[in-house]
Amino acid sequence: MKTSQLGHSLILLLTAVIWGVAFVAQSVGMDYVGPFTFTCARSLIGGLVLLPCIALLNRMNGQKGNDRKAAAEKLSEEEKRKKRKMLILGGICCGLALCAASCFQQFGIQYTTVGKAGFITAFYIIIVPVISLFFGKKCGPLVWAGVLFALSGLYFLCITESFQIGMGDILVFICAFLFAVHILVIDYFTQYVDGVKMSCIQFFVCGAVSGAAMLLFEEPSVSALLSAWQPVLYAGVLSSGAGYTLQIIGQKGMNPTVASLILSLESVVSVLAGLLLLGETLSGREVLGCVLMSAAIVLAQLPQKQRETVSCA
């Protein structure tokens, strides 16, 4: 492996670790604040963190950034207006999808373990190609094999021997479906606009919507937020802000399949983080479910050479 590729791989591995540990932060944060409050705080912080990141990435692009600026100056006012509208529309659509997915995840993580939440959330990797069928995109045979492995894994991971499924598992599964929608929305709009700028907008939209829900359904307080400052800052600064930026940098010049496989390790990290930091344990059935889900994730990624993976934590 070339030195540059090794460096990018390590950046993506760091991103997976950050996102995996974020499940612990989300779980601990629920001890102090409500789901809407946590989502609002982390999203607004993530948006603020991305502002200087956007400036930094523009500087890192060097001459390419100057070339884009020169090309932009040649655009007509009408074209510039359309581009701005597309950027804002993309940010709003992505923000709404992110808000719905994040809130379901926050509610679900209150009733299930960090490790199970990480693996069930990773199910979005299977859902994305399946949903794509409705838009005329075919799935390879390995994807369908991955679906079978994933369904088997979810059975052992979520359903007890008495054939009961926990409320938290159901909520996190809904979150995985919503994250799949979020990815498809991002996939559409990033063809036309800057992905990092759109992400910044989406965080502020997510923060505003979850903030409105917070005021309606919860009783937020400054003291509670101060008590939760560590998990909130971790989720906002590292998971939302830095994590997304590291993903953009790490994926540059990398094989998309390899990048996706490295990033999918966040589900494994979530189990280890729950074990080491929270003392959580998994039963034999749940371990088997994790193994099957891991196999499903690998199988689903192999044929998808052009698909971009986006985070859910």
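Only the coordinates and a few stated rules stand behind these numbers; no lab work does. Only a predicted model underlies this, so the values are computations on that prediction, with no experimental measurement involved. Counting neighbours? That spans all protein chains shown, and the Cβs are built from the backbone with ideal geometry, glycine included.
Pairs of Cα atoms nearer than 8 Å and 6+ residues apart set the relative contact order; for region 3-301 it is 45 percent.
Please say if region 92-190 is rounded, prolate or oblate, where rounded means a/c under 1.5 for a ≥ b ≥ c the square roots of the C-alpha gyration tensor eigenvalues, and otherwise the choice is prolate for a/b larger than b/c and oblate otherwise? If you can, show how the numbers build up before the last one.
Working: a/c = 2.91, a/b = 1.23, b/c = 2.38.
Since a/c reaches 1.5 but b/c is at least a/b, the shape of region 92-190 is classed as oblate.
Using θ = phi - 60° in the Karplus curve 6.51 cos²θ - 1.76 cosθ + 1.60, the 3J(HN,Hα) couplings for region 186-199 round to 4, 4, 6, 6, 5, 5, 10, 10, 6, x, 5, 5, 5, 5 Hz; x is entered for Gly and Pro. For the peptides 222-235, 192-205, the ranking by packing is 192-205, 222-235, with the highest mean count of neighbouring Cβ atoms within 10 Å listed first. Give the shape of region 148-198 as rounded, prolate or oblate, defined through the alpha-carbon gyration tensor: a ≥ b ≥ c are the square roots of its eigenvalues, a/c under 1.5 means rounded, and otherwise the shape is prolate if a/b is larger than b/c and oblate if not. Judged from the Cα gyration tensor, region 148-198 comes out prolate (a/c at least 1.5, a/b above b/c).
In the structure shown, the pairs 85/197; 82/137; 116/138; 83/197 are assessed against 18 Å; a Cα-Cα span above that value is assigned to 82/137; 116/138.
Amide H contacts for residue 112 (H built 1.01 Å from N in the peptide plane; partners 5 or more residues away or on another chain; cut-off under 5 Å): none found.
For region 3-301, the alpha carbon convex hull comes to 147 Å³ per residue, rounded to a whole number. Viscosity 1.306 mPa s, temperature 10 °C: give me the Stokes-Einstein translational D for region 190-231 in µm²/s, with Rh taken as the Kirkwood radius over C-alpha pairs. Rounded to a whole number, D works out at 128 µm²/s. Residue by residue, region 229-241 carries 3J(HN,Hα) couplings of 4, 5, x, 5, 5, 4, 5, x, 6, 7, 5, 7, x Hz when phi is fed to the Karplus relation 6.51 cos²θ - 1.76 cosθ + 1.60 (θ = phi - 60°); x denotes Gly or Pro.
Both radii come from the Cα set of region 176-287: Rg as radius of gyration, Rh as Kirkwood radius; their ratio Rg/Rh reads 1.01.
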